[in-house]
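S.K.: Got a structure for you, questions after.
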Amino acid sequence: MTGSPLLELRNVVKRFGPHTVLDGVNLQLGCGEALAAIGPSGTGKSTILRIVSGLLSPDAGEVWFDDASPIRLGMVFQNAALFDSLTVAENVGFALFEHSRLRRRQILSLVREKLALVGLPDIGDRYPAELSGGMRKRVSLARAILEDPSQTQTGRRILLYDEPTAGLDPVASTVIEDLIRSLKDGGRACDSYIIVTHQDSTIRRTADRVAMLYAGQVQWDGPVAEIDRTDNPYVRQFFSGSLTGPIRVPTAGD
């Protein structure tokens, strides 16, 4: 990373009861970066996203944003988090319907624009139950990138993705991965993003840099190109799927 970070976690600690999920995490995200947070289940990857977005507060440490560049955040949840009783258009435009002064026709026009951007034109009148898993993920993404044009939009935009390809078949995953990349590299939706994932293809296709989490800390941080060359034992075990190494294998008694 070059220049000042847009976002930085400084010695962040988060506990849930007696369990320490994050134990002094230090992490940076620069402008234009695509960062993948990886690691076994339960290592605090999604917790980081929730702390960055303000849904959770750290027990210690701080989350720092670049003062010189106001930050706007959007989040894509793992399960898409769509309202079953609302149409696709109503889901995508939910925040504007509830909190803006825009007229309904203005909001629906913006919704159509974002749905087209994620490759789903003309489905605004459908309901989530009528969509495939991959389509629901794209609707969730359209919602995350929809902003109120009546408000002055300055600064940088960061998107947070929580397991965006989980549960999808390889073809649907590729569609989502390419979409995530294009929305940043084309400058159409965000300047930088953090993506939480454990899927090999998603890591390699969407990320520039990887942060490997285990035991509440970042055990390795480096470029995607170094994944297959590093001798870091955590990275080696994670990508090989080996039962031997520093990553503890859960047992029946856990």
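S.K.: Take each complete run of DSSP H in the chain, measure how far its Cα atoms stretch along the helix's own axis, and keep only those covering 18 Å or more with mean Kyte-Doolittle hydropathy at least 0.0; list them. Display every interim value, and only then the final one.
M.R.: Details: long enough: 104-117 (20 Å, 0.04); 133-145 (19 Å, -0.08); 170-185 (22 Å, 0.25).
Correct list, ordered by number: 104-117, 170-185.
S.K.: Then there's this: Run down the lysines and flag those whose C-alpha is under 27 Å from the C-alpha of Lys14, throwing out any fewer than 8 positions away in its chain.
M.R.: Here the lysines satisfying the reach criterion relative to Lys14 are Lys45.
S.K.: Apply the Karplus parameterisation 6.51 cos²θ - 1.76 cosθ + 1.60, with θ equal to phi minus 60°, to every residue of segment 64-74 and state each ³J(HN,Hα) to the nearest whole Hz, in sequence, with x for glycine and proline.
M.R.: 10, 10, 4, 5, 7, 9, x, 9, 10, 10, x
S.K.: Taking a ≥ b ≥ c as the square roots of the eigenvalues of the Cα gyration tensor of segment 90-207, is the shape rounded (a/c under 1.5), prolate (a/b larger than b/c) or oblate?
M.R.: Here segment 90-207 falls in the oblate category.
S.K.: Leaving out same-chain residues fewer than 8 places away, which lysines sit with a Cα under 20 Å from that of Lys114?
M.R.: Reachable lysines: Lys137, Lys184.
S.K.: Is the shape of segment 161-254 best called rounded, prolate or oblate, per the rule: a/c under 1.5 gives rounded, else a/b larger than b/c gives prolate, else oblate, with a ≥ b ≥ c the square roots of the Cα gyration tensor eigenvalues? Don't skip to the answer; put the middle values down first.
M.R.: Details: a/c = 2.17, a/b = 1.65, b/c = 1.31.
It comes out prolate by the Cα gyration axes.
S.K.: Okay, moving on. Leu213's amide H: which non-local residues (gap 5+, or another chain) put their own amide H closer than 5 Å, with H modeled 1.01 Å from N in plane and none for Pro or chain starts?
M.R.: Those qualifying (amide H under 5 Å, at least 5 residues apart or on another chain) are Ile38, Gly39, Gln219.
S.K.: Next up: For segment 82-153, take the convex hull of the Cα atoms, compute a quarter of its surface area, and give me that in nm², please.
M.R.: That works out to 4.4 nm².
S.K.: Still on this structure, please answer the following. Which far-off residues, 5 or more places away or on another chain, put their amide H under 5 Å from the one on Val21, with H placed in the peptide plane?
M.R.: Answer set, sorted by chain and number: Lys14, Arg15, Phe16.
S.K.: Let me know the Rg and Dmax you get for segment 1-147 when you use only its Cα atoms, in Å.
M.R.: 17.8, 50
S.K.: Which whole-number percent of Cα pairs in the chain have a distance greater than 26 Å?
M.R.: Numbers: 13644 of 32131 pairs.
Of all Cα-Cα pairs in the chain, 42 percent lie more than 26 Å apart.
Bear in mind that the values in this text are calculations on the coordinates, not laboratory data. The structure presented is a predicted model; accordingly, all values stated were derived computationally and were not measured.
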